[in-house]
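What follows is a set of notes on a single structure, which appears directly below.
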Amino acid sequence: MENLIMPTPYRLLDVKKVTDIEYLFRVEYPEAGNVKFGQFMQLSLPKVGECPISVTDFSATEGWVEFLIRKVGIVTDEIFNLHAGDLLPMRGPYGKGFDAIDIKNKNVVIVTGGSGLAPVRSLINHIYRNPEEVQSMELLFGFKDDSSILFRDEIINWRKKHPMVLTVDKGCGLDGECVGLVTEYVPHLKMVSDKFDDLEVVIVGPPNMMKYTAIEFEKLGVPAEKIWVSFERKMSCAIGKCGHCRIDEVYVCLEGPVFNYSQAKYLID
Amino acid sequence: MGYKITAENFDSLLKNLSKEYKIYAPKRFPKQGRYSDTDIVRYDRVYSADEIVHDEKSDYAAKEALSPITETVLYFTDADYRESKVVDDRPMLVFARACDIHSIKRYDDIFLKNGGFEDSYYKRMREKTKFILMECPSKGWDTCFCASMGTGSADEYAFGVKFNGEEVLVETKDSEFNSYFAGNEEMDFLITPVLENERVVRIPEINDKETQIAVKSLEMWKEFDKRCLMCGSCTVSCSTCTCFTTYDMNYTSDSNAGERRRINASCHVDGYTDMAGNHSFRKTGGERMRFKVMHKIHDHKKRFKEHHMCVGCGRCDDKCPVFISFSTTVNRLAAEVDKLNGGNE
């Protein structure tokens with residue numbers, strides 16, 4: 001019988017500093033073609049334990065996955081001790097990703113708060129590389145301050161092709177950015193279509209940020225069905241057995257982490 | 001069909017069975033109870049009839065036989081993982097009450113059905129386990145409410161037993177065991193189900209999403225903020241709590257060898273929802289009580305359709321150090337939901 005919790009060791013290809021507290025780990029993963037945007041994997045270090053981490057980007061052709069990891073927990077502390085060439089055991093990918101959204105020929109609006117950019121980065125990069133798949137993509141990113149801005153090089157590239165608002169809670173950001181919370185800038189988005197038929201909004205960030213940002217979109221008349229969020233919860237197994245991520249009758253590891261807001265707005269812990 | 005077996009013969013029968021089966025039953029552990037000089041009755045291996053505590057409700061549930069509180073799932077050396085094996089792979093026989101047999105169906109929901117994945121550790125235990133149904137007193141014990149939950153009788157058992165003074169009455173069911181009973185006095189005997197308890201519990205009718213959401217802001221939950229100690233006693237003793245946390249144990253500080261274990265987890269205890277970065281959910285006793293109650297009498301059934309999670313064993317009421325009664329809480333919730341539904345209290 002297949003053992004679903006058995007990790008497989010993969011080779012760590014590269015470790016790159018992104019901010020003072022967040023590093024990007026690229027891992028060799030020949031099965032990367034099976035990964036969907038927004039899915040997560042269980043990183044599974046012997047002696048330390050397991051934790052779910054979003055796949056921030058992947059390449060099916062080159063066979064790797066990337067994780068943006070902040071050093072804030074027992075497992076992540078240990079991951080920061082690894083170097084390129086070391087083995088990183090993993091299992092997955094798990095969960096429903098952004099493939100739940102039909103982005104084809106849509107106006108896609110992506111709003112993120114802080115490290116909420118990580119799980120949605122693969123989707124942004126996909127649209128950036130294949131802009132013909134959508135009508136448009138509009139980006140609104142919020143960060144705490146200049147030093148916490150993630151993926152600066154990519155952001156610079158993305159905004160050459162796509163309208164973008166980048167906000168920082170304080171400071172001046174990359175280059176003439178707005179100061180304030182992302183919620184303040186939702187009404188200023190272009191969103192192209194008036195009736196929202198062709199619109200899909202993705203919001204990823206801390207729980208309160210997602211809640212109040214979604215409310216801003218609803219105030220503009222965007223139906224809940226057009227809004228998508230991604231949840232983060234404690235998980236021990238990632239396959240619907242351990243119970244930690246359950247909210248009501250829903251298991252975030254199975255039905256999420258990406259939820260339609262029409263469902264997510266009622267998932268109150 | 002059944003048998004009347006003398007205590008002496010039943011004892012030899014068990015000794016014979018224990019050569020082929022691993023037998024688990026409620027067993028007394030003197031002076032290991034919660035209070036000084038009290039005993040505890042919990043599941044463990046038994047080899048003879050006099051080890052079985054048949055005239056009390058066990059403090060802990062039969063689930064312990066299939067899903068131990070702590071279970072090694074993987075062994076590791078560096079990044080080389082190996083699955084833990086069952087070395088003694090004899091089939092298991094578990095003496096259990098009807099409610100306990102029902103509780104295993106809830107375990108099946110989670111470990112065999114949820115998410116469409118079968119958990120190999122649970123499955124390998126489940127497939128080789130058979131139950132011996134132990135008859136309860138006619139109305140169960142004072143905190144039982146199995147009749148309200150429809151779990152006072154069970155179907156899935158190898159044979160049933162009633163301890164009757166110096167003799168044991170046996171209801172045969174699975175012909176595999178007939179040879180063990182041969183030579184004893186034959187008689188017609190059927191296990192009497194529990195059809196009525198002193199305690200009657202009414203499950204609230206939560207038929208729509210609006211009511212389910214409204215339940216979350218009921219004032220009644222706030223009463224538990226001060227009272228519930230969030231100790232997790234109710235969930236450890238619960239027949240149906242399946243949650244676990246995985247943790248790694250290293251054998252020595254200077255080696256890279258150790259094992260990955262599952263340990264029972266409780267939604268009442270701090271840390272259950274903690275994520276990296278100190279984010280957590282449901283911090284108050286009231287929120288945790290609400291989460292547990294709703295899971296046991298609403299959420300599980302909404303997901304799996306067939307039955308509620310709770311089987312009405314009442315062990316949570318028996319164990320709570322501050323005398324919070326789950327069954328009373330459910331009845332209170334039923335009255336609150338009546339109000340939400342526009343009816344009278």
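The values are calculated or read from the model by the stated rules, or taken from the named source; none is laboratory data. Just so it is clear, the structure is predicted and the values come from calculations on it, not from any experiment. As a convention, Cβ positions derive from the backbone with ideal geometry for all residues, glycine included, and neighbour counts pool all protein chains shown. Protein only, heavy atoms only, side chains kept; ligands, DNA and RNA dropped before computing areas. Shrake-Rupley method; radii C 1.70, N 1.55, O 1.52, S 1.80 Å.
Exactly one residue out of B:Asp88, B:Asp44, B:Asp39 is free of Cβ contacts under 8 Å to residues at least 12 places away in the same chain, in contact with a Lys or Arg (Cβ under 8 Å, 6 or more places away or on another chain) and away from every other protein chain (no Cβ under 14 Å): that is B:Asp39.
Of the residues making up the stretch B:102-112, one or more are out of contact with any His (no Cβ under 9 Å at 6 or more places or on another chain) and more than 14 Å from chain A (Cβ to nearest Cβ).
Of all residues in the stretch B:263-290, those being under 23 Å from the mean Cα position of the chain (by Cα), under 21 Å from A:Ser236 (Cα atoms), more than 8 Å from every other protein chain (Cβ to nearest Cβ) and not aliphatic (A, V, I, L, M) number 6. Considering only residues that are surrounded by 18 or more Cβ atoms within 10 Å (Cβ to Cβ) and charged (D, E, K, R), look in the stretch B:119-129 and name the one that is farthest from B:Val41 (Cα to Cα). Selected residue: B:Asp119. Take the conditions (1) outside the structural domain of A:Lys104 (by TED's automatic domain parsing); (2) open to solvent by 40 Å² or more (accessible area, probe 1.4 Å); A:Pro207 misses just one of them, which is (1).
Scanning the stretch B:207-222 finds one or more residues that are within 30 Å of B:Asp119 (Cβ to Cβ), in a helix (DSSP H, G or I) and either more than 8 Å from chain A (Cβ to nearest Cβ) or of a type in the set (S, T, N, Q) (or both). Tell me, please, whether a residue that is within 22 Å of A:Ile124 (Cα to Cα) and either within 11 Å of chain B (Cβ to nearest Cβ) or touching a helix residue (DSSP H, G or I) at 6+ places or on another chain (Cβ under 8 Å) (or both) can be found in the stretch A:239-252. No, every residue in the stretch A:239-252 fails to be within 22 Å of A:Ile124 (Cα to Cα) and either within 11 Å of chain B (Cβ to nearest Cβ) or touching a helix residue (DSSP H, G or I) at 6+ places or on another chain (Cβ under 8 Å) (or both). So, A:Ile103, is that one β-branched (Val, Ile, Thr) and surrounded by fewer than 23 Cβ atoms within 10 Å (Cβ to Cβ) or not? Yes: the conditions hold for A:Ile103. Residues in the stretch B:7-29 that are modelled with pLDDT under 95, loosely packed, with under 14 Cβ neighbours inside 10 Å and either more than 18 Å from B:Leu93 (Cβ to Cβ) or of a type in the set (S, T, N, Q) (or both): B:Glu8, B:Asn16. Among the residues of the stretch A:106-119, is any in a loop (DSSP other than H, G, I, E, B) and within 13 Å of another protein chain (Cβ to nearest Cβ)? There is no residue in the stretch A:106-119 that is in a loop (DSSP other than H, G, I, E, B) and within 13 Å of another protein chain (Cβ to nearest Cβ). Could you figure out which of (1) exposed (fewer than 13 other Cβ atoms within 10 Å of the Cβ); (2) farther than 30 Å from B:Ala265 by Cβ isn't true of B:Ser217? If we test B:Ser217 against (1) exposed (fewer than 13 other Cβ atoms within 10 Å of the Cβ); (2) farther than 30 Å from B:Ala265 by Cβ, just (2) comes out false. Only one of these is in contact (Cβ under 8 Å) with a residue 40 or more places away in the chain and touching a strand residue (DSSP E or B) at 6+ places or on another chain (Cβ under 7 Å): B:Thr151, B:Thr129. Name it. Selected residue: B:Thr129, the only one of B:Thr151, B:Thr129 that is in contact (Cβ under 8 Å) with a residue 40 or more places away in the chain and touching a strand residue (DSSP E or B) at 6+ places or on another chain (Cβ under 7 Å).
Of the candidates A:Glu200, A:Glu218, A:Glu232, the single residue that is within 19 Å of A:Ile124 (Cβ to Cβ) and outside any loop (DSSP other than H, G, I, E, B) is A:Glu200. Listed by first and then second residue, the pairs linking a residue in the stretch B:308-319 that is closer than 14 Å to B:Lys105 by Cβ to a residue that is β-branched (Val, Ile, Thr) and not in a helix (DSSP H, G or I), with Cβ atoms under 8 Å apart and 6 or more places separating them unless they lie on different chains, are B:His308/B:Ile203; B:Met309/B:Thr240; B:Cys310/B:Thr240; B:Val311/B:Thr151; B:Val311/B:Thr240; B:Gly312/B:Thr151; B:Gly312/B:Val201.
Taking (1) at pLDDT below 95; (2) more than 14 Å from chain A (Cβ to nearest Cβ) in turn, B:Phe117 satisfies each apart from (2).
Checked against (1) modelled with pLDDT under 95; (2) among the β-branched types (Val, Ile, Thr); (3) within 21 Å of A:Tyr261 (Cα to Cα); (4) outside any helix (DSSP H, G or I), A:Val186 passes all but a single condition, namely (4). Taken over the stretch B:147-166, the residue count meeting the criterion of being of a type in the set (Gly, Ala, Ser), modelled with pLDDT of 95 or more and either in contact with a helix residue (DSSP H, G or I) (Cβ under 6 Å, 6 or more places away or on another chain) or closer than 21 Å to B:Asp188 by Cα (or both) is 5.
The residues in the stretch B:297-328 that are open to solvent by 10 Å² or more (accessible area, probe 1.4 Å), within 14 Å of chain A (Cβ to nearest Cβ) and touching a Phe, Trp or Tyr at 6+ places or on another chain (Cβ under 9 Å) can be counted, and the count is 1. Across the stretch A:143-161, the qualifying residues are those that are under 14 Å from A:Glu22 (Cα atoms) and polar (S, T, N, Q), and the one among them that is most open to solvent (accessible area, probe 1.4 Å) is A:Ser147. The residue list A:Val108, A:Val65 contains one member that is open to solvent by less than 10 Å² (accessible area, probe 1.4 Å), aliphatic (A, V, I, L, M), assigned by TED's automatic domain parsing to the domain that holds A:Pro30 and closer than 30 Å to A:Glu200 by Cβ, which is A:Val65.
With respect to the conditions (1) within 13 Å of another protein chain (Cβ to nearest Cβ); (2) of a type outside the set (Ser, Thr, Tyr); (3) free of Cβ contacts under 8 Å to residues at least 40 places away in the same chain, A:Gly33 lacks only one, and its number is (1). When residues in the stretch A:85-102 are screened for being in a loop (DSSP other than H, G, I, E, B), facing chain B (nearest Cβ under 10 Å) and closer than 12 Å to A:Ile239 by Cα, 0 of them pass.
Counting only residues that are open to solvent by 20 Å² or more (accessible area, probe 1.4 Å), more than 14 Å from every other protein chain (Cβ to nearest Cβ) and either modelled with pLDDT under 95 or assigned to a loop (DSSP other than H, G, I, E, B) (or both), the stretch A:41-62 holds 3 of them.
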